[in-house]
1. Between (1) 18.3; (2) 15.7; (3) 14.7, which entry matches mean projected area of the Cα convex hull in nm² as derived from the coordinates of this structure?
2. So which chymotrypsin sites (Phe, Trp or Tyr not before Pro) in segment 93-183 are both in a DSSP loop and have at most 16 other Cβ atoms within 10 Å of their Cβ?
3. With n ≥ 4 as the cut-off for DSSP H runs, can you work out [θ] at 222 nm for the chain, using -39500 (n - 2.57) per run divided by the number of residues, rounded to the nearest 500?
4. Quick one, could you list the DSSP H helices from the chain stretching 24 Å or more along their long axis (Cα atoms) with average Kyte-Doolittle hydropathy of -1.0 or above?
5. So what is the relative contact order for the chain, in percent, with contacts set as C-alpha pairs under 8 Å and at least six apart?
6. Taking springs between alpha-carbon atoms closer than 10 angstrom, which of 237, 123, 30 fluctuates most in the Gaussian network model of the chain?
7. Which shape class, rounded, prolate or oblate, goes with segment 145-192 when its Cα gyration tensor gives a ≥ b ≥ c as root eigenvalues, a/c under 1.5 marks rounded, and past that a/b bigger than b/c marks prolate?
8. Would you work out if segment 144-259 is rounded, prolate or oblate? Take a ≥ b ≥ c from the square roots of the eigenvalues of the alpha-carbon gyration tensor; rounded if a/c is under 1.5, else prolate when a/b is larger than b/c, oblate otherwise.
Amino acid sequence: RQNSQRKSTLSNQRSSTGSSCFVDIVNPLGALITVVLALVAFGGSRRWAATSIMLGVCYLTQGVALNIGFNFTAIRLILLSGFFRIVSRGELREIHFNAVDKALVIYGIGQLIIPVIRVGTFGEFVYQLGNLYNVYLSYFVCRALLRDEEEIFSFLKLTAVTLIPLVVIMMFEANTGRNIFAIFPGVGPYSMFRDGHFRANGPFRSPITAGSFGATLALFYSSMIFSRGISRAGVLGLGFSLIIAIPCARSSGPVLGFMLGIGALACW
């Protein structure tokens, strides 16, 4: 009975965030930023189109959304614009599937099927379908926009600059406990407090998510340094990413993930 109650609660929570029977445009400022970034994703250069997706991740919360029976968060709308772009310009056809692409497709299918079988509700299916949308569109849109190592590193250099405001805002939050991103729906105005420190989450749902974002970016910049040697962009990007993950989010999981990733890069 307790297991059934947990499934019902989970289903209700995910149904409330994953679907709605009415149109709901949340937050005019967030809507304006979303439209601008979506236009850049559709009409800008390939590097700026990819950067617009990163800006959406860094500076818009998941509470900025359009509900039309499916919860289109700001980043999903920007990704959709990017998808229309790569289809209309023929950029998607230039992708030649490799083993990594196939592995990601299989992973996405497993991510959809296994939780639905485990929970067994329609709400879970809708929720996991949204996750599959996030995985496939973010991967293949960026796969079509950034085609080789040089373009990826050029994108990372630009991303290092765009991280500066995010780092400043999250450091402010880590020191004051006030989240500036609360001007958007989806995050609270006050930060989590544990072991004598505030844990910043910025535009993300939790400090763990924020830390995972920082740790993942840190591995990209570490690979840039491994591959190209020490550069200003690599060092700045690595430093900014680690600031987000360690002194701001204060999450041990992302730190451990970063250390394991560095070990893997060193072996490679």
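Bear in mind that the values in this text are calculations on the coordinates, not laboratory data. This structure is a prediction, so every number in the text was calculated from the model and none was measured. Backbone-built Cβ (ideal geometry, glycine too); neighbour counts: all protein chains shown.
1. Checking each listed value against the structure points to (2).
2. 97
3. On the way: 10 runs with 185 residues, N = 268.
Rounded to the nearest 500, it is -23500 deg cm²/dmol.
4. TM-like helix candidates: 99-119, 122-145, 149-176, 207-228.
5. Result for the chain is 18 percent.
6. 123
7. prolate
8. prolate
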